[in-house]
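These notes are about the structure you will find just below.
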Amino acid sequence: MYQFDIAAGTKAELYRDLHQALDALTAGEPDAVANMANAAALVWQYLPDLNWAGFYRLVEGELVLGPFQGKAACIRIPLGRGVCGTAAAERRTQVVADVNAFAGHIACDADSASELVVPIVAGDRLVGVLDLDSPTPNRFDAEDAAGCEALAALLASRI
Ligand code: SME
């Protein structure tokens, strides 16, 4: 059984502790699926107000669903499509306050109101994206983006 000491204090503390826990969970484990599965579980358990948390992996030029928590989701997303495909194509984090205002947003769960997608890049290779959805509009801010970018950077060489 794993036990984590995750602070319920400031957002900065929460992301610092999550990073530490994810590092401990994935260190020395070479299996990408295991590491993504545990990362999705950790984020799902400790980040409040999410309805979906997980990964899309770059497979033969398109994004393919990876380990996640939440409702069953769309399986394949072309680069440049939706929030995930945009983050992947531009290799830039997307913070979307209102998914209905994002042209081309792909609705996998009607409950989703806002979304954060972080590209995962190892060296110059795009590995995939980390995708978080929330039922609350404007759920994600710059601190969430920075915190999730740090998690993605940690995972990049472990998935
Ligand atoms: N909303 C995403 C699709 C993935 S789901 O949110 C899990 C998008 O527009 O790319």
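Odds and ends about this structure:
- Being open to solvent by 10 Å² or more (accessible area, probe 1.4 Å), in contact with a helix residue (DSSP H, G or I) (Cβ under 8 Å, 6 or more places away or on another chain), within 23 Å of Asn38 (Cα to Cα) and charged (D, E, K, R) is a description that does not apply to Glu149.
- Residue satisfying condition, being among the β-branched types (Val, Ile, Thr), without any contact (Cβ under 8 Å) to a residue 12 or more places away in the chain and in contact with a strand residue (DSSP E or B) (Cβ under 7 Å, 6 or more places away or on another chain), within set Ile75, Ile106: Ile75
- Against the numbered list (1) buried (at least 18 other Cβ atoms within 10 Å of the Cβ); (2) closer than 20 Å to Tyr46 by Cβ, Ala87 comes up short only at (2).
- Top-ranked residue in segment 108-118 [being part of a strand (DSSP E or B) and within 12 Å of the ligand (Cβ to nearest atom); ranked as nearest to Arg76 (Cα to Cα)]: Val117
- Top-ranked residue of segment 61-79 - restricted to ones that are open to solvent by less than 30 Å² (accessible area, probe 1.4 Å) and out of contact with any helix residue (DSSP H, G or I) (no Cβ under 9 Å at 6 or more places or on another chain), ranked as farthest from Val33 (Cα to Cα): Ala73
- Look at segment 15-27: where a residue is within 13 Å of Cys148 (Cβ to Cβ) and among the polar types (S, T, N, Q), no partner that is at pLDDT 95 or above and assigned to a helix (DSSP H, G or I) sits 6+ places away or on another chain with Cβ atoms under 7 Å.
- Of the strands (runs of 3 or more DSSP E) contained entirely in segment 46-106, not one carries at least 2 residues that are modelled with pLDDT under 95 and near the ligand (Cβ under 8 Å from one of its atoms).
- Filtered residues of segment 1-45 (kept if over 12 Å from Leu155 (Cβ atoms), assigned to a loop (DSSP other than H, G, I, E, B) and small (Gly, Ala, Ser)): Ala7, Ala8, Gly9, Gly28
- Residues in segment 108-132 that are in contact with a Cys (Cβ under 8 Å, 6 or more places away or on another chain) and either surrounded by fewer than 22 Cβ atoms within 10 Å (Cβ to Cβ) or not β-branched (Val, Ile, Thr) (or both): Cys108, Leu116, Leu130, Asp131, Leu132.
- Ala39 fulfils the conditions (1) more than 7 Å from the ligand (Cβ to nearest atom); (2) at negative phi; (3) open to solvent by 50 Å² or more (accessible area, probe 1.4 Å) except for a single criterion, (3).
The values are calculated or read from the model by the stated rules, or taken from the named source; none is laboratory data. Keep in mind that this is a model prediction, so the values were computed, not measured. All Cβ positions, even for glycine, are placed from backbone atoms using ideal geometry, and neighbour counts span all protein chains on display. With ligands, DNA and RNA removed, areas are computed over all heavy atoms of the protein, side chains included. Shrake-Rupley method; radii C 1.70, N 1.55, O 1.52, S 1.80 Å.
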